1. Of all residues in region B:69-108, which are modelled with pLDDT of 95 or more and more than 24 Å from A:Arg44 (Cα to Cα)?
2. Of all strands (runs of 3 or more DSSP E) completely enclosed by region A:35-110, which ones contain at least 1 residues that are at negative phi and open to solvent by less than 50 Å² (accessible area, probe 1.4 Å)?
3. Consider A:Thr15 against the criteria (1) over 19 Å from A:Ser96 (Cβ atoms); (2) assigned to a strand (DSSP E or B); (3) among the β-branched types (Val, Ile, Thr): it satisfies all of them except one. Which criterion is unmet?
4. So B:Ser28 ticks every box in (1) touching a Ser or Thr at 6+ places or on another chain (Cβ under 7 Å); (2) polar (S, T, N, Q); (3) not in a strand (DSSP E or B) but one. Which box is left unticked?
5. Hey, among A:Thr15, A:Thr71, A:Thr7, A:Thr20, which residue is touching a helix residue (DSSP H, G or I) at 6+ places or on another chain (Cβ under 9 Å), modelled with pLDDT of 95 or more and more than 24 Å from B:Gln6 (Cβ to Cβ)?
6. Quick one: which of A:Val50, A:Val12 is β-branched (Val, Ile, Thr) and within 13 Å of chain B (Cβ to nearest Cβ)?
7. Would you tally the residues in region B:8-44 being surrounded by fewer than 16 Cβ atoms within 10 Å (Cβ to Cβ) and either in contact with a Pro (Cβ under 8 Å, 6 or more places away or on another chain) or not charged (D, E, K, R) (or both)?
8. Yes or no: B:Asn61 over 20 Å from A:Pro39 (Cα atoms), out of contact with any Lys or Arg (no Cβ under 6 Å at 6 or more places or on another chain) and open to solvent by 40 Å² or more (accessible area, probe 1.4 Å)?
Amino acid sequence: NAGVTQTPKFQVLKTGQSMTLQCAQDMNHEYMSWYRQDPGMGLRLIHYSVGAGITDQGEVPNGYNVSRSTTEDFPLRLLSAAPSQTSVYFCASSYSIAQGWTEAFFGQGTRLTVV
Amino acid sequence: AQSVTQLDSQVPVFEEAPVELRCNYSSSVSVYLFWYVQYPNQGLQLLLKYLSGSTLVKGINGFEAEFNKSQTSFHLRKPSVHISDTAEYFCAVSPYGNKLVFGAGTILRVKS
């Protein structure tokens, strides 16, 4: 079982370039989310989706777009990269339970550097 | 809104000694509580979670945590650590299990 797969693992971008970070899960989880991890700040929620066709903003959405056309995929798009977006990005998924949602299952991360 | 404070940014400890990593949270509603571990250059792995029920929660690798509602704390403990426990540990809260709010992390350094 692959779980949550993120590609690429590493990326270097120039300021102003755009790119898409890919995230796929094979567990049929309804809920998917993107976080960024910065030193001393833990992880912060960028965007999330509760199912195909439904997305919403998290704590730090500016500069990022998402879409959810299938249950499996949840790509994160950087529209015009800035050095402040240098970070490690994690995709996560979970499924619904009676009391809410299960714990998040995380991918291995994408380390992005914007120069 | 919720917030999480991990009271120590780094905790050095000798192998086979006990350890406690402290986590306090703030929330106006009931929350689910989680501890995750991150080994170098890897993703986050769930150690344990509290959704409801017994306030003492046992997780993987010999870790446990106790939920204290009056003190709004969820401290992580292990009676005897190993070198392999060296990692960064994150406490997180959420009202329903999604939209996690994380603490800044605690780096546990186990020395021989």
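The values are calculated or read from the model by the stated rules, or taken from the named source; none is laboratory data. Being a predicted model, the structure only gives us computed values, none of them experimental. Quick reminder, even Gly has a Cβ in these numbers, built from the backbone with ideal geometry, and neighbours come from all protein chains shown. Ligands, DNA and RNA are excluded from the accessible area calculation, which covers all protein heavy atoms including side chains. Shrake-Rupley method; radii C 1.70, N 1.55, O 1.52, S 1.80 Å.
1. Scanning region B:69-108 gives B:Arg77, B:Lys78, B:Pro79, B:Ser80, B:Val81, B:His82, B:Ile83, B:Ser84, B:Asp85.
2. Values: elements: A:42-51, A:54-57, A:64-66, A:76-78, A:87-94.
Passing ranges, in order: A:42-51, A:64-66, A:76-78, A:87-94.
3. (2)
4. Only one criterion in (1) touching a Ser or Thr at 6+ places or on another chain (Cβ under 7 Å); (2) polar (S, T, N, Q); (3) not in a strand (DSSP E or B) is unmet by B:Ser28, namely (1).
5. Details: A:Thr71 fails: touching a helix residue (DSSP H, G or I) at 6+ places or on another chain (Cβ under 9 Å); A:Thr7 fails: touching a helix residue (DSSP H, G or I) at 6+ places or on another chain (Cβ under 9 Å); A:Thr20 fails: touching a helix residue (DSSP H, G or I) at 6+ places or on another chain (Cβ under 9 Å).
The match here is A:Thr15.
6. Values: A:Val12 fails: within 13 Å of chain B (Cβ to nearest Cβ).
So the residue among A:Val50, A:Val12 that is β-branched (Val, Ile, Thr) and within 13 Å of chain B (Cβ to nearest Cβ) is A:Val50.
7. Qualifying residue count, region B:8-44: 14.
8. Details: over 20 Å from A:Pro39 (Cα atoms): yes; out of contact with any Lys or Arg (no Cβ under 6 Å at 6 or more places or on another chain): yes; open to solvent by 40 Å² or more (accessible area, probe 1.4 Å): yes.
Yes: the conditions hold for B:Asn61.
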